[in-house]
Amino acid sequence: MLPNKLNIKYFNEWKYWSILLFVCACIFSCPFVSTQYLDRIDVLFHLNRIEGIKEGLLALEIPVRIHGYQMNGYGVADGIMYPDLFLYFPAVLRILGVPIEIAWNVFWIFLIAFGLLISTLGYTLWTNNLRSGVVAAILHSSVLLYVYIMGQMVGDYPAVMTLPLAFAAMLKILQNEVNAKYWIFFAIAFTVICENHIINTLFVVIAGLLACVYYRKAFLNPLQRNSIFKAAGFSLLLNLWHIVPFLYFYKNVAFHINNPPLYESLHTNSTTLFLLAKNAFFIGWSIVILTIFFLFRNYQNKKFVCSVIFMVFLVLTDWKYFPWEFIEKNFPLGSFLPNFQLPIRFFSVGLVFLCLFLGKFLADVLETKRSVIALTGAFIVAFSALYQYNVPKYYEYGDLADIGFGTYRKLETLPSYTSKYGVVQEDYLYADVDFHKLRNDKGEVYDSNDYKSDAVIFDVKKQATRLEFSYIAEHDTKVQVPLFYWKGYEAKNEKGERLYLNSGEHRFMEIEIPKGDGRVFLHYAGLWSFRICDVVSLISLMIFACLCNRERERFL
C-alpha cells in the first residue's frame with residue numbers, strides 16, 4: 001500500500017516482499033550468468049548499438065544520434081530511429097573496460113531487477129496493496145520471460161514492464177482528485193517507455209486519449225485538470241530531445257527495411273489455431289491455468305471477465321483468419337498497422353490488465369493462509385519460469401520458428417554490416433543503398449579506411465562520427481569520407497570556416513575542400529531544431545526534479 005504517511009508496518013511488509021522480488025530476480029537472471037544466449041535473434045544488433053554509443057561518447061558526441069561505429073564505420077541513424085537511453089549504461093561499462101559480453105549480461109540483470117521494481121510500483125499504486133502489487137508484478141514478468149527476455153528484446157522488455165505504472169497513474173488521476181499528485185508517476189513511466197520503445201509509446205498515447213475521453217468530466221475539476229496537463233506536458237518536454245529527431249527522420253528519410261514481406265501486413269505474421277493454442281501455453285501457461293481457475297471462482301466480477309475476453313481477443317489477432325488485411329485496407333489509419341510488425345505486440349497491453357486481477361486474487365488467497373492453494377499457485381508460477389528457461393533453444397512462435405542459434409557472426413567480427421536474415425545493420429539505412437553489395441576499387445566492402453579524392457589525404461583521426469584529416473590539393477575538389485551523409489553534419493577547416501557537405505554516390509558523404517593545404521574537422525551536431533529540443537528537455541528535467549523534491553512530502 002502507498003499511504004500518505006509511511007510507517008514501520010509498511011517498511012516491515014516491504015522488507016518481506018522485497019526478499020521475494022530479489023529471489024525472483026535471481027531466478028529470472030539465471031541465463032545471464034553465462035554467454036550462451038549471445039547468439040540469439042537480435043543480440044548482435046544490440047551489441048553493435050552499444051558499441052556505437054560507446055564510440056560516440058568517446059568522441060564527445062552527446063547525445064549519440066548517428067552510430068558511426070556501425071556499417072563498418074559508415075554509421076546509421078540508430079540513435080534516432082531506436083530509443084537508446086538505457087543502452088548508455090552498458091556503453092559506459094564498455095568505456096570502463098568491461099568486455100562486451102559481460103556488459104550485456106550485467107545490463108540484462110539490471111533490466112530484470114528494474115522491470116520487477118517498476119512493475120511492482122505500478123500494480124501497488126493501482127491496487128493500493130503492496131502484496132497484490134508484488135504478486136501481479138511477478139506474474140507479469142513470468143509471462144514475459146521467454147518472449148522478451150529470451151528473445152533479447154532490449155527495448156520491449158523495460159517498456160512493457162513499465163506499462164502498469166503508466167496505466168495506473170493515468171487512471172488514478174482521472175478517477176479521483178485525491179490522486180492528482182500521481183502525475184509525477186505518469187511522467188516517469190511515459191519517459192521510461194518512450195526512451196525504450198516507440199510502439200509501446202503509441203499504446204500509452206492511444207490509451208491516454210481514450211481514458212481522457214471516457215473520464216472527460218475530470219477536466220471540469222481544477223485539480224485533476226492541472227494534473228492531467230502537467231502529466232502530458234512534462235511527458236512531452238522530457239522526451240522532446242528524442243521525439244523531434246525521430247519524427248523528422250521518419251517523415252523525411254526513406255529507409256530501407258531488409259525484409260519488407262514481413263511487414264506488408266500483420267496477417268503475414270499470423271499463425272494457425274493449433275500453434276496459437278500451443279504458444280499461448282508455451283509463453284505463459286501458468287497464466288492460462290490461473291486465469292481458468294480464478295474465472296470459475298470470480299465469474300461474477302465483470303471487470304475481470306472483460307479483461308479475460310479482451311486478452312483472448314488480443315491472442316486471436318495472431319490467428320491466420322483474423323481479418324488484418326481487410327482492416328488495413330478499409331479502416332482509417334489501417335495502413336499504419338503494419339508498422340507494429342507483429343500482432344503479438346498487442347498481447348502485452350491485455351496482459352497488464354489480466355495480471356492486475358490475477359495478482360489481486362492470488363494475493364487474497366495468500367492472505368487467507370490456505371497453504372495448499374497458495375503453495376500450488378507459487379509452484380505453478382515458479383515451475384513455469386524455470387521450464388521456460390529449459391525449453392528447446394529455438395524461438396518457436398508462428399512462422400519465425402527457424403530463427404535460432406547460429407544466425408549471426410561471431411563477436412570478434414564487430415562491427416558487422418549484414419547477416420543471414422539481413423536485420424542487423426541495414427534497417428534504417430537509406431532505401432536506395434544496399435551496403436553489403438557495394439565494393440571499393442579492391443572489390444572489398446567499404447570500411448573506415450576508404451577515402452576517395454584526387455587530393456592527398458593524411459594524418460587521419462576518426463572516432464565514431466568525429467573525423468579529422470589533413471590534405472594537400474592542387475585545385476578545388478571533393479573528398480569522399482567513410483561516413484554516410486545525414487542531415488546535421490558540420491565540417492570546418494582549421495580557421496573555423498564552414499565547408500560544404502553533400503550526399504555523393506551511394507549516399508557517401510562528400511566534403512568540398514579548397515585548393516592548397518589545410519585540415520578538416522567533421523562531426524555530427526544535429527539540426528538546430530534538435531539542439532533546441534536538447535536544451536528544452538534538459539531544462540525540463542531540472543524543473544521536474546525540483547517539483548519531485550517539493551512533492552515528495554505528499555508521499556512521505
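Observations on the model:
- Each part reduced to its alpha carbon centroid, region 234-254 and region 42-69 end up 19 Å apart.
- Pairwise Cα inverse-distance average, inverted: Kirkwood Rh of region 102-197 (Å): 13.5
- Taken as Cα centroids, region 487-544 and region 283-337 sit 48 Å apart, rounded to the nearest whole angstrom.
- Projected label distance in nm at Leu202 and Asn176, using a 7 Å step from Cα toward the beta-carbon: 3.5
- Too-long pairs where the Cα-Cα distance tops 32 Å, listed order kept, from Lys437/Lys462; Lys54/Lys452; Lys487/Lys515; Lys329/Lys360; Lys217/Lys329: Lys329/Lys360; Lys217/Lys329
- Estimated D of region 62-117 in µm² per second, where Rh is the Kirkwood radius over Cα pairs and Stokes-Einstein applies at 10 °C, 1.306 mPa s: 128
- Phi-based couplings in Hz for region 189-205 (Karplus 6.51, -1.76, 1.60; Gly and Pro marked x): 5, 4, 5, 4, 5, 4, 7, 10, 7, 5, 5, 5, 4, 4, 4, 5, 4
- Burial order of peptide ranges 324-334, 217-227 (average beta-carbon count within 10 Å, highest first): 217-227, 324-334
- Here the calculated FRET efficiency for Glu101 and Val312, from their Cβ-Cβ distance with R0 = 41 Å, stands at 0.55, rounded to the nearest 0.05.
- Estimated translational D of region 419-556 in µm²/s (Stokes, Kirkwood radius over Cα pairs; 25 °C; 0.890 mPa s): 137
- Using the Cβ-Cβ distance between Gln300 and Arg550 with R0 set to 45 Å, the FRET efficiency works out to roughly 0.50.
- Couplings 3J(HN,Hα) of region 223-230, computed from phi: 5, 5, 4, 4, 5, 5, 5, 5 Hz, in residue order, whole Hz [Karplus 6.51 cos²θ - 1.76 cosθ + 1.60, θ = phi - 60°; x for Gly and Pro].
- Cβ-defined net charge surrounding Tyr451, 15 Å radius [Lys, Arg +1; Asp, Glu -1]: -4
- Sparse packing (at most 12 other Cβ atoms within 10 Å of the Cβ) combined with a DSSP loop state is found for the following chymotrypsin sites (Phe, Trp or Tyr not before Pro) in region 446-521: Tyr500.
- A DSSP coil position with no more than 16 other Cβ atoms inside 10 Å describes the following GluC sites (Glu not before Pro) in region 485-556: Glu494, Glu497.
- Database remark: amide H of Gln70 closer than 5 angstrom to the amide H of Gly75, Val76 (H placed geometrically; neighbours at sequence offset of 5 or more, or on other chains; Pro and chain starts carry no H).
- Using 0.36 nm per residue and subtracting the Cα-Cα separation, the extra length available between Phe229 and Asp364 on full extension is 45.0 nm.
- Scalar couplings 3J(HN,Hα) for region 437-454, obtained by applying the Karplus form with A = 6.51, B = -1.76, C = 1.60 to θ = phi - 60°, are 8, 6, 9, 7, 4, 8, x, 9, 4, 4, 10, 6, 9, 8, 10, 10, 5, 8 Hz; x denotes Gly and Pro.
- Total formal charge among the other residues, if their Cβ is under 11 angstrom from that of Gly516, Lys/Arg +1 and Asp/Glu -1: -2
- Here the gap between Tyr16 and Val253, fully extended at 0.36 nm per residue and compared with their Cα-Cα distance, gives a gain of 80.1 nm.
- Tyr248 sits among other residues whose Cβ lies under 12 Å from its own Cβ, and their net charge, with Lys and Arg +1 and Asp and Glu -1, is +3.
- Peptides 127-133, 156-162 ranked from most to least packed give 156-162, 127-133, packing being the mean of other C-beta atoms within 10 angstrom over each peptide's residues.
- Spacing of the two label points (7 Å from each Cα toward its C-beta) at Leu527 and Tyr451, in nm: 3.1
- Additional length obtainable on full extension of the chain from His436 to Ser470, 0.36 nm per residue less Cα span: 9.3 nm
- Inter-label distance, nm, simple model (7 Å from Cα along the C-beta direction), Val460/Leu541: 3.4
Just so you know, all these numbers are worked out from the coordinates, no wet-lab data involved. Here the structure is a predicted model, which is why all the values come from computation and not from measurement. Note: ideal-geometry Cβ built from the backbone for every residue, glycine included; neighbour counts use all protein chains shown.
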